[in-house]
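Colleague: The structure's right below; bear with me while I get my questions together.
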C-alpha cells in the first residue's frame with residue numbers, strides 16, 4: 001500500500017512540475033482596439049532618403065514590460081505607400097529615453113496598401129528573447145530601401161505613449177499623439193502561483209510517506 005501511495009505522490013509531483021513549466025501566451029502590451037482594430041487612415045511616416053518625402057524618418061514606439069516574459073510574437077500595423085515595399089522593424093533596449101541595442105530584427109516586405117482594411121502583421125520571435133519587469137523597450141520601424149515610404153498606422157483607441165522619431169540627424173520625442181498600433185505577446189518566465197503550490201503539496205506528501213515508512217521499519 002505504501003509503495004503504491006509513494007508512486008502516486010511521485011506521479012503527482014512530476015505532473016505539477018510539468019504543469020509549472022508550461023508556457024502560456026500573455027499579452028505584454030497592446031493598444032489594438034476590439035478584434036485587433038486600428039486607424040487605417042492615419043499614422044506615422046517611415047521613409048528613406050530618396051522617398052517622396054525626400055528625407056529619412058525612423059519611428060519608434062516605447063513600452064514597459066509589466067513582468068518577466070519570454071517573447072513569442074509581435075503584431076504590428078504597418079502599411080505601404082510608395083517606393084520599394086520594404087521596411088525593417090527592430091526590437092530595441094532603452095538607452096536614456098531613445099532606442100538602444102537591437103535585440104531582434106524583422107524585414108517586412110509585401111506590406112498592404114495604406115488606407116486598406118488589413119489585418120496586423122504577425123512577427124514570430126526567435127527563442128530566448130527575454131523581457132524584464134519594469135524595463136522600457138522600443139519597437140523601431142525604418143525604411144529598408146532608400147525610396148520606401150510606408151506608414152505605421154495609429155491605434156484607434158487613443159492610447160498615447162512614448163513616441164520617438166529620428167529625422168534631421170537626431171531623435172525627437174512626441175507624447176500627444178496616439179501611438180502606432182502594435183502588441184507584444186510573451187510567455188511568463190515563472191510558474192503560475194497555483195502551480196507552485198501544487199508542487200509544494202506534492203513534496204509534502206512524499207515527505208509524509210517516507211516518514212511513515214521509516215517508523216514502520218524501525219518497529220521490525
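Colleague: When you scan segment 141-163, how many residues do you find that are under 19 Å from the mean Cα position of the chain (by Cα) and either part of a loop (DSSP other than H, G, I, E, B) or outside the structural domain of residue 37 (by TED's automatic domain parsing) (or both)?
Modeller: Of the residues in that region, 4 qualify.
Colleague: Can you tell me how many residues within segment 162-172 are in contact with a strand residue (DSSP E or B) (Cβ under 9 Å, 6 or more places away or on another chain) and modelled with pLDDT under 95?
Modeller: 1
Colleague: I would also like to ask the following. Evaluate the following for residue 142: is it at pLDDT 95 or above and either within 25 Å of residue 36 (Cβ to Cβ) or crowded, with 19+ Cβ neighbours inside 10 Å (or both)?
Modeller: Yes; evaluated as a whole, the condition is true for this residue.
Colleague: How about segment 91-107: which of its residues are surrounded by fewer than 19 Cβ atoms within 10 Å (Cβ to Cβ) and either assigned to a strand (DSSP E or B) or touching a residue at least 24 places away in the same chain (Cβ under 8 Å) (or both)?
Modeller: 93, 94, 97, 98, 100, 101, 102, 103, 104, 105, 106, 107 - these are the residues of segment 91-107 that are surrounded by fewer than 19 Cβ atoms within 10 Å (Cβ to Cβ) and either assigned to a strand (DSSP E or B) or touching a residue at least 24 places away in the same chain (Cβ under 8 Å) (or both).
The values are calculated or read from the model by the stated rules, or taken from the named source; none is laboratory data. Only a predicted model underlies this, so the values are computations on that prediction, with no experimental measurement involved. Here the Cβ is made from the backbone with ideal geometry for all residues, glycine too, and neighbour counts use every protein chain on show.
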